[in-house]
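Take a look at the structure below.
Please treat every number below as a calculation from the coordinates, not as lab data. Since we're looking at a predicted model, the values are computed, not measured. No Cβ is skipped: glycine too gets one built from the backbone with ideal geometry, and neighbour counts run over all protein chains shown.
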Amino acid sequence: MSSNNGKTATTRRGENNLVSSVVLFVIMMALFFGALYSLSFLTLGNPWPMLACLVLFALAFWIPQTITGRSDSAGEH
């Protein structure tokens, strides 16, 4: 059992703290659910909701993997 000796725990480089991780998760889930919600407006005569779905869905996966740099953190130990 190790003690912290009164020091605050620091995160390793490239890791977010809990608050920023939760905020990022909420934003990405909003994009994902927005993509699903846009499909409720899809008809054969109106293809734009499908375009919105594809864009929102792609952003929900692309932003965390490229902009925030979290896709390469699996090998850090």
With each label point set 7 Å from Cα along the Cα-Cβ vector, what nm distance links residue 33 and residue 65?
2.3 nm
Efficiency by 1/(1 + (r/R0)^6): what FRET value for residue 24 and residue 48, r their Cβ-Cβ distance, R0 = 22 Å, to the nearest 0.05?
0.20
